[in-house]
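Below: one structure, written as structure tokens.
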Amino acid sequence: MSRSEETVIEVRGLVNRFGSHVVHEDLDLDIRRGEILGVVGGSGTGKSVLLRSIVGLKHPDGGSIRVFGQDLQRLAADQRSRLERRFGVMFQRGALFTSLNLQENVALPLIEHAGLSRADAEHLARVKLALAGLPPEAALMAPDALSGGMTKRAALARALALDPEVLFLDEPTAGLDPIGAAAFDQLLMTLRDALGFSVFLVTHDLDTLYTACDRVAVIARKRVLVADDLATVEATDDDWIRDYFHGPRGRSASQAAQRTEDR
Amino acid sequence: MPKTASSPGKLEQQAGGLRASGDWTLPHHKRLRRTIEQQRPGHAANTQDLNLDLKGLGELDTSGAVLLVEIMGPERMLEVANWAPEQPAERHALLMAVAGAMHHSTPIPTRARSPAVVALGEIGRIMENLGRQQLQLLGFIGLTLGSLASVLVKPWRWRVTALVAHIQQTGLNAIPIVALLTFLVGAVVAFLGATVLRDFGATIFTVNLVAYAFLREFGVLLAAIMLAGRTASAFTAQIGSMKANEEIDALRAQGLSPMELLVLPRVLAMMISLPILTFIGMLSGIAGGAMVCVLALDITLIQFLDILQRDTPLRHLLVGLGKAPIFAFLIAVIGCLEGFKASGSAQSVGEHTTSSVVQSIFMVILIDALAAMFFMEMGW
């Protein structure tokens with residue numbers, strides 16, 4: 001599916017605050033169909049809060065969030081639930097259901113929403129787990145028996161269960177070894193190309209930004225400073241962005257990305 | 001994917017093979033799977049010379065791709081670009097990704113066992129767990145007493161703040177519910193006694209019944225059961241979720257002893273709280289009995305107190321109160337131990353909380369029964 005200018009999610013004038021602490025003020029952001037949008041920002045700048053506001057887990061204190069052209073806040077509960085089925089969310093620490101094994105974790109939305117029989121759903125679930133790069137014997141494992149990398153993959157498989165149109169990933173490569181993280185980036189791009197979903201990717205991983213993201217949104221000072229392709233973002237005249245992309249880590253990640261492209 | 005007019009997926013026989021058309025997506029998955037099973041009984045027999053026409057294919061998602069791969073077999077599907085070159089590259093990528101995933105995933109063999117064997121195995125497992133549980137409890141009691149002994153001689157390591165906080169939670173905050181409960185049970189016992197004793201014209205002995213029952217048994221038993229339900233479960237949940245969050249490991253890694261920091265304050269707070277609650281329970285139960293006597297049995301309050309003072313030796317109070325610290329120790333130790341046994345999952349914390357309440361109530365009643373026999377033999 002080709003990347004288009006069509007906007008699937010439109011955030012306008014978003015305000016979020018906890019007590020007197022203002023996290024977002026007048027924040028604007030667009031997510032386009034089929035793109036991987038990397039969202040970066042210092043710790044505590046409200047990247048996860050933004051994600052939670054968009055998927056409807058946190059009620060914003062102001063502004064509007066339009067999803068597929070509809071305002072999520074104004075919809076009735078059942079319409080909202082139908083709309084939310086078109087999202088896939090992968091939480092920072094996986095949030096797998098610990099009382100179910102992996103294939104049951106992935107099969108749950110298939111049984112509940114798609115009305116599949118248990119056997120069909122579990123068969124599909126095993127394929128999704130394999131797609132996410134897990135070995136077949138992992139299907140019957142309990143979430144608390146998994147390593148960090150396997151948990152991330154299982155969480156991705158669950159987020160992909162209903163073939164979502166927008167995938168929200170909260171730091172998917174944090175805590176993975178470099179090989180695992182690179183494989184995750186590749187997996188994400190393959191699946192995006194194959195399935196054509198949009199990705200909202202909160203990350204601190206510079207390599208992911210350089211290899212996988214089509215656009216990067218920088219959150220600082222309570223709003224989105226810039227949201228554009230990497231070259232434009234890098235060239236933006238802002239202290240934080242300069243430190244972020246032209247610091248020692250940013251430089252080496254950019255060089256690594258350059259080398260891979262040359263090869 | 002844009003929601004265009006959706007035409008349900010179809011699989012048809014055509015000259016030289018099969019033809020897939022329409023949308024092969026999740027909403028049609030169930031029906032498509034049935035169609036495949038009808039059209040290709042015992043499929044995956046020989047897919048090498050099978051032709052699949054994908055030209056009429058509409059939408060395709062992973063669930064549809066899985067079905068297509070099942071029809072063709074993963075090996076053929078990995079070469080999808082050769083036999084269906086008209087499909088866009090993204091679709092090739094999807095089909096090949098799914099085929100690759102299914103290529104490596106072998107079905108998991110499940111072995112059927114006879115129900116009798118399963119039942120026997122389950123019984124054996126439960127018995128073994130029961131035995132191991134008691135051993136663990138004994139070990140943990142030893143550990144608690146050991147660290148208690150080592151801390152007792154070093155007053156600078158007493159955790160007075162934690163102790164007082166736990167006394168407030170387990171003792172002070174439980175006073176209203178314990179008092180109310182025992183008051184009501186006291187009234188019930190008095191009614192019960194009066195009903196039986198009236199036939200003998202001995203209603204006046206209701207006073208003795210209530211006093212004996214509450215001083216010896218009910219005061220301590222009701223308070224202990226209340227705390228087993230209220231506090232043992234809280235201890236298990238607190239320590240269990242600390243364990244899930246690796247907080248216990250963090251304590252150990254910093255060279256701090258979880259026994260000293262977490263278990264001792266809880267056990268000691270419980271051993272201080274329960275005797276006090278027991279005493280309150282006794283008073284409140286007797287008050288409940290007194291209320292019934294005054295209102296329903298024509299025994300005046302003066303009379304009630306007079307009989308109470310004249311006929312009730314002190315040893316009944318001591319027998320009742322003496323059991324309280326032992327119950328308290330067991331309840332607290334079981335609550336803490338179950339917390340430590342919980343593993344990371346929500347399920348496990350729930351199971352161990354249940355187990356701690358059941359075990360501590362069981363232990364309280366068991367010890368109480370043994371104690372009753374002992375005191376009877378001793379003539380106390």
> At a Förster distance of 25 Å, what's the computed FRET efficiency of A:Arg82 paired with A:Arg118, Cβ-Cβ distance as r, to 0.05?
Replying inline: 0.65
> For chain A, what number of Lys pairs, 8 or more residues apart or on separate chains, have alpha-carbon atoms under 17 Å from each other?
Replying inline: 4
>> Testing the spin-label approximation: label points 7 Å from Cα along Cα→Cβ at B:Met127 and B:Arg157. State their distance in nm.
In response: 4.2
> Taking a label point 7 Å from the Cα of B:Asp311 along the Cα→Cβ vector, which residues of the range B:195-231 have an amide N closer than 19 Å to it?
Replying inline: B:195-219
>> Is the C-alpha gyration tensor of the range B:10-104 telling us rounded, prolate or oblate? Criteria: a/c under 1.5 is rounded; beyond that, a/b larger than b/c is prolate, otherwise oblate.
In response: rounded
>> On a full-extension model of 0.36 nm per residue, what is the gain between B:Glu86 and B:Phe191, subtracting their alpha-carbon distance, rounded to one decimal in nm?
In response: 28.8 nm
>> Give me the one-decimal nm value for the distance between modelled label points at B:Gln136 and B:Val117, 7 Å along each residue's Cα-to-Cβ direction.
In response: 2.8
> Using the 10 angstrom Cβ neighbour count as an exposure proxy, how do B:Ser21, A:Ser252 rank, fewest first?
Replying inline: A:Ser252, B:Ser21
>> Order these by the 10 Å Cβ neighbour count, fewest first: B:Glu217, B:Glu79.
In response: B:Glu79, B:Glu217
> Which is farthest toward the positive dipole end of chain B among B:Leu52, B:Gln303, B:Leu152, measuring Cα position about the Cα centre, with Cβ charges +1 (Lys, Arg) and -1 (Asp, Glu)?
Replying inline: B:Leu152
>> To the nearest 20 Debye, how big is the dipole of chain B about its Cα centre, given +1 on the beta carbon of each Lys and Arg and -1 on that of each Asp and Glu?
In response: 320
> For A:Gln258 and A:Leu75 in one chain, what is 0.36 nm times their gap in residues minus the Cα-Cα distance, to one decimal in nm?
Replying inline: 61.3 nm
>> Given axes a ≥ b ≥ c from the Cα gyration tensor, I'd like to know whether chain A is rounded (a/c under 1.5), prolate (a/b larger than b/c) or oblate.
In response: oblate
> When the helix-only estimate is applied to the protein assembly as shown (DSSP H runs of n ≥ 4, each -39,500 (n - 2.57), divided by the residue count), what is the mean residue ellipticity at 222 nm, nearest 500 deg cm²/dmol?
Replying inline: -18500 deg cm²/dmol
> Of B:Thr62, B:His92, B:Gln38, which is farthest on the positive side of the dipole of the range B:10-104, counting Cα position, with +1 on Lys and Arg Cβ, -1 on Asp and Glu Cβ, and the Cα centre as origin?
Replying inline: B:Gln38
> Using 1/(1 + (r/R0)^6) with R0 = 45 angstrom and r between the beta carbons of A:Arg93 and B:Leu318, what's the FRET efficiency to the nearest 0.05?
Replying inline: 0.25
>> I need to check one value: relative contact order of the range B:142-378, counting alpha carbon pairs closer than 8 Å and at least 6 residues apart, in percent.
In response: 33
> What is the fewest-to-most order of A:Arg52, B:Arg31 by other Cβ atoms lying within 10 Å of their Cβ?
Replying inline: B:Arg31, A:Arg52
> Quick one: putting +1 on the C-beta of Lys and Arg, -1 on the C-beta of Asp and Glu, what dipole do you get for the range B:10-104 around its Cα centre, in Debye to the nearest 20?
Replying inline: 340
>> Using a Förster radius of 45 Å, what is the FRET efficiency between B:Gln303 and B:Val358 based on their Cβ-Cβ separation? Nearest 0.05, please.
In response: 0.55
> When the dipole is taken about the Cα centre of the protein assembly as shown, and only Lys, Arg (+1) and Asp, Glu (-1) are charged at their Cβ, what size is it in debye, to the nearest 20?
Replying inline: 1280
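Read the figures in this text as sums done on the coordinates, not as results from a lab. These figures come from a predicted structure and were not determined experimentally. Glycine gets a Cβ as well: all are built from the backbone with ideal geometry, and neighbour counts include every protein chain shown.
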